[in-house]
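Have a look at the structure below before the remarks.
The values are calculated or read from the model by the stated rules, or taken from the named source; none is laboratory data. Because the structure is a prediction, the values reported are computed rather than measured. Neighbour counts run over all protein chains shown; Cβ positions are idealised from the backbone, glycine included.
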Amino acid sequence: MNNSLQVKLLTPQAIVTLGQLFGNGPTWEGYIISKPGRDLLMELGLAARTDGWSYLTEGGVQLAAEWDRRTISSASNTSWFRKLMQVPRHV
């Protein structure tokens, strides 16, 4: 599944959770912003869970790193925004 199709399938909860897992790395079950959002990411192969820890797969990292910077509010998802600013843009 290509990234544009995956983005269209993501709910707002999944997008926030994608940002959380990208910005903060593996996250303990009790701290996941949206479990339904995480579950959708897992269904799409963008996230995984092991022993109570949720994390992005390679595809999830790629999608988060390629996300349109203009659509991320630095106020609403500071860690994603900061990390994204460190990722070199492909020309």
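Among the residues of the range 33-55, those that are closer than 13 Å to LEU10 by Cβ and hydrophobic (A, V, I, L, M, F, W, C) comprise LEU40, LEU41, MET42, LEU44, LEU46, ALA47.
Can you find a residue in the range 45-64 that is modelled with pLDDT under 65, crowded, with 16+ Cβ neighbours inside 10 Å, within 14 Å of the chain's Cα centre (by Cα) and under 17 Å from THR17 (Cβ atoms)? No, the conditions are met nowhere in the range 45-64.
Does the range 67-85 contain at least one residue that is in a loop (DSSP other than H, G, I, E, B), of a type in the set (Asp, Glu) and modelled with pLDDT of 95 or more? No, every residue in the range 67-85 fails to be in a loop (DSSP other than H, G, I, E, B), of a type in the set (Asp, Glu) and modelled with pLDDT of 95 or more. Here GLY30 meets the list (1) in contact with a helix residue (DSSP H, G or I) (Cβ under 9 Å, 6 or more places away or on another chain); (2) modelled with pLDDT of 90 or more; (3) outside any loop (DSSP other than H, G, I, E, B); (4) more than 17 Å from PRO12 (Cβ to Cβ) almost entirely, failing just condition (1).
Consider the range 14-27 and keep the residues that are modelled with pLDDT under 95 and not hydrophobic (A, V, I, L, M, F, W, C). The one that is nearest to ASP51 (Cα to Cα) is GLY25.
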